[in-house]
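Below is one structure; the comments refer to it alone.
FYI, it's all coordinate maths here, none of it is from the lab. Predicted model only: the values in this text are computed from it and were never measured. Backbone-built Cβ (ideal geometry, glycine too); neighbour counts: all protein chains shown.
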């Protein structure tokens with residue numbers, strides 16, 4: 001009886017740990033946060049310190065995905081899956097996305113059959129306005145043109 005009780009106790013401990021781990025991973029996936037860089041010539045570091053190695057420099061509007069926040073710093077990932085640290089003061093909640101396909105069509109409405117207003121080349125950064133559907137994102141170009149782009153053609157939404 002003692003062995004059965006111990007086995008049952010171990011089973012329930014494992015069950016609850018597995019359940020809480022699953023819930024944690026689901027909430028992390030649902031809470032994907034995107035921000036954008038707010039200033040030109042912003043340094044990205046390999047650790048959360050000004051003394052850390054400088055990895056590369058990005059310009060304003062560069063979209064990033066938040067991985068971890070610590071005092072004064074945020075660990076981020078970009079569209080190429082590069083991970084780096086950035087000072088919080090260089091991040092903004094104003095969101096931008098980056099085109100990931102060679103040429104993306106921007107439509108008048110969130111419908112593949114709606115008129116194409118213009119096309120955007122790969123690596124062009126455009127302002128994210130809304131993601132009201134899973135397949136489309138409402139965007140604005142720096143010129144002020146507004147339209148809808150398929151979410152599969154961009155990163156950062």
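Being without any contact (Cβ under 8 Å) to a residue 12 or more places away in the chain, in a loop (DSSP other than H, G, I, E, B) and in contact with a strand residue (DSSP E or B) (Cβ under 9 Å, 6 or more places away or on another chain), is that true of even one residue in the range 115-136? Even if it seems obvious, please write down each step before you answer.
Filtering the range 115-136 for residues without any contact (Cβ under 8 Å) to a residue 12 or more places away in the chain gives 115-116, 130.
Next, only the ones that are in a loop (DSSP other than H, G, I, E, B) stay: 115.
Applying the additional criterion that residues be in contact with a strand residue (DSSP E or B) (Cβ under 9 Å, 6 or more places away or on another chain) yields 115.
Yes, some residue in the range 115-136 is without any contact (Cβ under 8 Å) to a residue 12 or more places away in the chain, in a loop (DSSP other than H, G, I, E, B) and in contact with a strand residue (DSSP E or B) (Cβ under 9 Å, 6 or more places away or on another chain).
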Pairing a residue in the range 90-110 that is free of Cβ contacts under 8 Å to residues at least 40 places away in the same chain with any residue that is buried (at least 20 other Cβ atoms within 10 Å of the Cβ), where Cβ atoms lie under 7 Å and the two sit 6 or more apart in sequence or on different chains, gives 109/148; 110/136; 110/148
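Within the range 27-43, which residues are closer than 18 Å to residue 125 by Cα and surrounded by 11 or more Cβ atoms within 10 Å (Cβ to Cβ)? Can you show your working first?
Within the range 27-43, the first condition is being closer than 18 Å to residue 125 by Cα, and the residues that meet it are 33-42.
Scanning the range 27-43 gives 33, 34, 35, 36, 37, 38, 39, 40, 42.
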